[in-house]
Amino acid sequence: MGKNIVQKILERHLIAGELKKGAEIAIKIDQTLTQDATGTMAYLQFEAIGIPRVRTELSVSYVDHNTLQTGFENADDHRFLRTFASKYGIYFSAPGNGICHQVHLERFGIPGKTLLGSDSHTPTAGGIGMLAIGVGGLDVAVAMAGYPFYMNMPEIIRVVLRGKLNPFVSAKDVILELLRRLTVKGGVGKIFEYAGEGVKTLSVPERATITNMGAELGATTSIFPSDEITYAFLKSEGREKDYIELKADEDAQYDGEIEINLSELEPLIACPHSPDNVVTVKSVEGTPVDQVCIGSCTNSSYKDLATIAEMLKGKKIPSTVSLVISPGSKQVMETIDKMGYLKHIIASGARILENSCGPCIGMGQAPATGSVSLRTYNRNFEGRSGTKDAKVYLCSPETAVVSALNGKITDPRKFGEEIVISYPEIFEINDNLIFPPSENPESVEVLRGPNIKPLPIAKPLTEVLKGTVLIKVGDNITTDHIMPAGAKILPLRSNIPAIAKYVFHNIDETFHDRALKAGGGYIVGGENYGQGSSREHAALAPMHLGIKAVFAISFARIHRSNLINFGILPLVFENKDDYQKIDRDDELVMENYVDKLFKNEPIEVKNITKNFTFNVKANLTPRQADIILKGGLLNFVKSVS
């Protein structure tokens, strides 16, 4: 029987387990990446393991999220990240060099390799043929220490692309179409592998746009073949030596198949407040627009910015619209300048922001009260922009530019003639903001600012768990709901007691104080609890507040793993109706649950307040059960080292 691309990569990296759907497997990790919002904690965790040097083929520390320096915290943490990387064998991409996923695609990504990143959009590198998975920072720390990465073997879904995109229909519309069909939880437990003749019509940046937003489906990752298009991209980066051909066998087997005819797609847009609230652009055409933001790790490549520059040439943005553009990397910025595109963007009245995540993560450019903001980003969760009542739409760069020029949502096909852009043979390659690790690590001092507090360690669970339901939330609760981002909160990422004050802050400002007063307790959630970002602070801060378990109808993959990593039980209702019977302040008790964790048997929970019982399951492997009972992954790794 032939093999698909995912199976081929996994076979080469398999350490333990069998490649059977649902079985736990362990794989070798070749590369890791972190960004500064998650990296400080990941490196403190790596340090606690006690390994003097990373054991991966390559590890890179990027600074791209918290580049807005309104106080000492971010600057101090950047200094910590730089000195830590130098000492422990990690490459350091400095502020201004660009967004981790864009830079990794350009300078480090290698087809056929495995990549683990402490950012949910790490699957961007699937556009170049990597098996790239987003996880919490502790999983990355453990991988850097040379340990394998464990996961349940996902289903592998073949996505067949037919035809070719029409003018003003883009790769963003491909992934929006998948979100329209499958929803934000339709990819949980799945890897999407792209195939079909339509693949050859897509450049690597276009492929990366699609794999990037596979994260919004809840997918483990997404991947494209490595072919002549991949080779051409690597050659333009001066890295053709990294190329290998990677394709599925003709008789490869899959767990499912989806077909998309690119020729039949039209421009799509995700309406507030979810990436799967997708409709056609023409169905909301005419909606007045106040702000347009172009960039993020989804749509900030050379192709994206050269395209919008051509569309802006000789035109002016109306006074009623603010257009801001964030290049994905210094390389993108330098190349659009060299090719003559930057001047058209500036002349149009657009504002050029730093080569960083910027507004996507809530770092500046918060929209006006109640306004409409069109963004080429990957998430439009309520309040993520920094303005709770803003109406944020997600769309392609083409739709964004035409709408900015008209002051209202406009179908980009009305722009006129097809846009043709010029490509350089070689991109502007200047790695002067990427610093290799020191050749004399013993001479490097790791510099820590006062905002970096000691690493909190979870305590082992007691044999009887008793506590109060501190909060009950609904379906599709995101990590932004649990642990908000933005310019005010993210600088506290290495100070868990300080950042814990904001847990569920936008839902219930009293949560922190009530949790401390109660000495911890439980959280109750609906379906797809914890979707969105990989930020482990959404588990780490609740652990600090004494949360022992989260009861939910279902969990998002990364957040569930983070809960396990920090010793919090992720418990699923056996009967969904029991979710409706529980309220805040109910007192719940679990006795004799430990053996059932290892046997994966139902656990009885007593609701003392309402005098009834219900069953839940943890669905843990024996290894995961051991992790939780030892108080988290860090304690577990130390115990087996």
- Inter-site label distance for Glu417 and Glu601 at 7 Å from Cα along Cβ, in nm: 7.5
- Expressed in angstrom and rounded, the centroid-to-centroid distance over alpha carbons for segment 576-622 and segment 321-353 is 54
- Note, Ala518: beta-carbon cut-off 13 Å, +1 each Lys/Arg, -1 each Asp/Glu, net +1
- Specify whether the C-alpha gyration tensor of segment 295-347 places it in the rounded, prolate or oblate class, a ≥ b ≥ c being the square roots of the eigenvalues: rounded for a/c under 1.5, otherwise prolate if a/b is larger than b/c and oblate if not. oblate
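Magnitude of the Cβ-charge dipole of the chain, K/R +1 and D/E -1, about the Cα centre, nearest 20 debye? Show your work: numbers first, answer last.
Details: 69 positive and 75 negative charges, 193 e Å.
It comes to approximately 920 debye.
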- Cα shape, segment 232-275, gyration tensor, a/c 1.5 rule: oblate
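Out of all DSSP beta bridges in segment 268-414, what portion is antiparallel? Express it as a percent rounded to 5. Write out the running numbers ahead of the final one.
On the way: 5 of 18 bridges.
In segment 268-414, DSSP labels about 30 percent of beta bridges as antiparallel.
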- For Lys164, the aspartates and glutamates lying under 16 Å Cα to Cα, once residues fewer than eight places off in the same chain are dropped, come out as Asp173, Glu177, Glu197, Glu206, Glu259, Glu264, Glu266, Glu418
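Using a cut-off of 14 Å between beta-carbons, work out the net charge of the residues near Thr40 (Lys and Arg +1, Asp and Glu -1, Thr40 not included). List each step's numbers first, then the result.
On the way: positive: Arg79, Arg82, Arg448, Lys453, Arg493, Arg535; negative: Asp36, Glu47, Asp64, Glu73, Asp76, Asp77, Asp119, Glu536.
Summing Lys and Arg as +1 and Asp and Glu as -1 gives -2.
Taking Cα pairs under 8 Å and at least six residues apart, what relative contact order does segment 393-536 come out at, in percent?
On the way: 121 pairs, mean separation 35.3, N = 144.
So the answer I get is 25 percent.
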- Provide the descending list of Cα extents for segment 32-109 along its principal axes, expressed in whole angstroms. 34, 29, 17
- Note on the structure: For the chain the mean separation of alpha carbon contacts under 8 Å (6+ apart) over residue count, i.e. relative contact order in percent, is 15
- In whole angstrom, and with the biggest value first, how far do the Cα coordinates of segment 422-562 range along each principal axis? 59, 46, 30
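Can you list the GluC sites (Glu not before Pro) in segment 1-108 that are in a DSSP coil and have 10 or fewer other beta carbons within 10 angstrom?
Within segment 1-108, the qualifying GluC sites (Glu not before Pro) (loop, at most 10 other Cβ atoms within 10 Å) are Glu18.
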- Query: One-quarter of the Cα convex hull surface for segment 5-264, in nm²?
  - Reply: 14.2
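Give a quick list of trypsin sites (Lys or Arg not before Pro) in segment 310-373 that DSSP marks as loop, anything other than H, G, I, E or B, with at most 14 other Cβ atoms within 10 Å.
Values: sites: Lys313, Lys315, Lys316, Lys330, Lys338, Lys343, Arg351; in loops: Lys313, Lys315, Lys316.
Loop-located and lightly packed - Lys315, Lys316.
In the chain, what percentage of the DSSP-assigned beta bridges are antiparallel, given to the nearest 5? If you can, show how the numbers build up before the last one.
Values: 30 of 88 bridges.
Of all bridge pairs located within the chain, approximately 35 percent are antiparallel.
Pairs of Cα atoms under 8 Å, at least six residues apart: use those to get the relative contact order of segment 5-264, whole percent. Working shown, then result.
Details: 568 pairs, mean separation 57.4, N = 260.
That works out to 22 percent.
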- Query: What is the spin-label model distance, in nm, from Gln580 to Glu57 if the labels are put 7 Å beyond Cα along the C-beta direction?
  - Reply: 5.3
- Say R0 is 25 Å: what FRET efficiency, to the nearest 0.05, do Leu14 and Ile244 get from their beta-carbon distance? 0.85
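Exceeding 21 Å between C-alpha atoms, which entries from my cross-link table qualify? They are Lys303/Lys330; Lys200/Lys338; Lys235/Lys343. Don't jump to the answer; show the numbers that get you there.
Working: Lys303/Lys330 14 Å; Lys200/Lys338 28 Å; Lys235/Lys343 27 Å.
Over 21 Å apart, Cα to Cα: Lys200/Lys338; Lys235/Lys343.
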- Message: What lysines does Lys606 reach when the alpha-carbon gap must be under 29 Å and sequence neighbours fewer than 8 apart in one chain are set aside?
- Response: Lys459, Lys466, Lys472, Lys517, Lys548, Lys576, Lys581, Lys596, Lys617, Lys630
- Simple label model, 7 Å out from Cα along Cβ direction - Met1 to Arg181, nm: 2.3
- Task: Taking just the C-alpha trace of segment 462-536, give me its Rg and Dmax in Å.
- Result: 12.9, 41
- Per-q log10 I(q)/I(0), segment 102-225, q = 0.12, 0.16, 0.17, 0.20 Å⁻¹ (Debye; single scatterer per alpha-carbon; no solvent): -0.42, -0.73, -0.82, -1.12
- Message: Around Gly567, under 10 Å between beta carbons, what's the net of Lys plus Arg minus Asp minus Glu among the other residues?
- Response: +3
- Message: Rounding to the nearest 10 and keeping the result within 0 to 90°, find how far the Cα-based axis of helix 397-406 lies from the longest principal axis of the chain.
- Response: 70
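Would you calculate, for the chain, the mean residue ellipticity at 222 nm contributed by helices, counting each DSSP H stretch of 4 or more residues as -39,500 (n - 2.57) and dividing by all residues, to the nearest 500?
Numbers: 21 runs with 181 residues, N = 641.
Result for the chain, helices only: -8000 deg cm²/dmol.
With charges set only on the Cβ (+1 for Lys and Arg, -1 for Asp and Glu), what does the dipole of segment 268-414 come to about its Cα centre, in debye to the nearest 20? Please list the in-between numbers first.
Numbers: 17 positive and 12 negative charges, 53 e Å.
It comes to approximately 260 debye.
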- Which Cα, out of Leu138, Leu165, Ala208, lies furthest along the positive dipole direction of segment 122-219 (beta carbon charges, K/R +1, D/E -1)? Leu165
- Task: Express the C-alpha Rg of the chain as a ratio against the empirical globular expectation 2.2 N^0.38 Å, rounded to two decimals.
- Result: 0.92
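Where a ≥ b ≥ c are the square roots of the eigenvalues of the C-alpha gyration tensor, would you call segment 383-427 rounded, which needs a/c under 1.5, or, failing that, prolate if a/b is larger than b/c, or oblate?
oblate
Sort largest first and round to whole Å: the equivalent ellipsoid semi-axes of segment 268-414, each the square root of five times a Cα gyration tensor eigenvalue. All intermediate terms of the calculation are to be shown ahead of the outcome.
On the way: eigenvalues 99, 56, 36 Å².
Each semi-axis is √(5λ); the values are 22, 17, 13 Å.
Since every read-out is calculated from the coordinates, none of them should be taken as a lab result. Remember, it's a predicted structure, so these values are computed and weren't measured experimentally. Using ideal geometry, Cβ is built from the backbone for each residue, glycine included, and neighbour counts are taken over all protein chains shown.
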